[in-house]
Each structure stands twice: as structure tokens, then as C-alpha cells.
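The values are calculated or read from the model by the stated rules, or taken from the named source; none is laboratory data. If you're wondering where the values come from, they're calculated on a predicted model, not measured in any experiment. Please note: Cβ atoms are built from the backbone with ideal geometry, for glycine as well, and neighbour counts cover all protein chains shown. Surface accessibility is based on the protein's heavy atoms, side chains included, excluding ligands, DNA and RNA. Shrake-Rupley method; radii C 1.70, N 1.55, O 1.52, S 1.80 Å.
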Amino acid sequence: DIFEWMAKLFETSLSKFKQDARKSVEDYATIAWKHMIPEPEKYKQITINSTWNTEVISSKGKPLPITNPGHRQTLAVCLFDGLRKTSKRRFPTFFDNPGSNIGEFTLNKMASHFWNDADDQIVMLSHGGGLKRSETMKSYGSKLARAWELSYVKDETTTQIEVITS
């Protein structure tokens, strides 16, 4: 009887914890989404169901299809931000090629969202259509601890590393 009582108590507590965590991720992801996306007034929130599938809800309360690759990438980044903040763990955040499918306005809003969050280390690996060196250095150079540019040596397979900041 005691075991069954404890098992039921554990399941109830775990279920509540999952619901609270899901709600927290929704809230943080929605804040990030509304900060990054053009025309945030068109959106009400991001929802996550019990199997962690997501939906973007319009300001009229209807689920919206997210088919645009840039919007899908932005949604993924917002959910990751929600998970990162909900965990309350401090760890470096890595983004591989932020902005490759994202418009310039959203990309700039995304970069400012993370670079203005000074609590954690952000590492952005940008290539092939992502953040541009000159624009990034102009906008965020004073906030960077270090930046490097990696390139292939002409006609070779070795990588050349150039320190941009120190």
C-alpha cells in the first residue's frame, strides 16, 4: 500500500512538473518569438502539447501553419531559448549558422535577443548566408569576447584561422 501510494504521488508530482515546465517553455518561447518576428501583433502565443509538438497561435486564437523555412528556424531557436531559460542552468548556447533562412530584420532581432541576454555565453557559428562579418562587428563587436574567421587556404584542405578580436 505504501509503495502504491508513493508511486501515485511520484506520478502526480512528475505530471505537474512536466506541465509547469511545458508552460514555462511556452512563455519564454512566446516572448522570444514576439521579439524576433516582424509584426508581433499578429501572434498570440506558441503552444506545446503533451507530446511536445508546437503550434504558433494567431492573435485571433487560430493555429497557424509555419511552412516558411525562416519562420521554422526562428521557431526552433525560440523553443531552444525557452528550454534554456526553463532549465535555469548556465551553459554556453551554440547556434550553427544562425540566420541562413531568416530575413535580415528577424536575424538582427534574433542576434540582439541573445546578445542582450548577458547571463550566458553565446557562440554563433555563421556560414553560407548567416550573420555577416562586417555588420556583426559593427553592431556587436564591443560585446564580443573573441571572434575568429576560419577559411580554407587556397588550393589546400587546411583551415586558416584569423583572430578578429582579442
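Descriptive notes on the structure:
- Loop-located chymotrypsin sites (Phe, Trp or Tyr not before Pro) across region 45-116 with a Cβ neighbour count of 14 or fewer within 10 Å are W52, with loop assigned by DSSP.
- Of the trypsin sites (Lys or Arg not before Pro) found in region 2-86, those that fall in a DSSP loop while having at most 13 other beta-carbon atoms within 10 Å are K60.
- Taking each of K16/K62; K60/K138; K8/K62; K8/K34 in turn, the alpha-carbon distance tops 32 angstrom for K60/K138; K8/K62; K8/K34.
- Largest mean-square fluctuation among T12, T74, T86, in a Gaussian network model of the chain whose springs join Cα atoms under 10 Å apart, belongs to T12.
- Y28 accessible area, assembled protein chains, probe 1.4 Å, Å²: 80 Å²
- Computed from phi, the 3J(HN,Hα) profile of region 58-72 under the Karplus parametrisation 6.51, -1.76, 1.60 (θ = phi - 60°) reads 6, 4, 8, x, 9, x, 10, x, 10, 9, 5, x, x, 5, 5 Hz, with x in place of Gly and Pro.
- GNM flexibility winner over the chain from D27, D81, D117 (Cα, springs under 10 Å): D117
- Choice from S151, S142, S134 with maximal GNM fluctuation in the chain (Cα, 10 Å cutoff): S151
- The chain - share of DSSP beta bridges that are antiparallel (%, nearest 5): 75 percent
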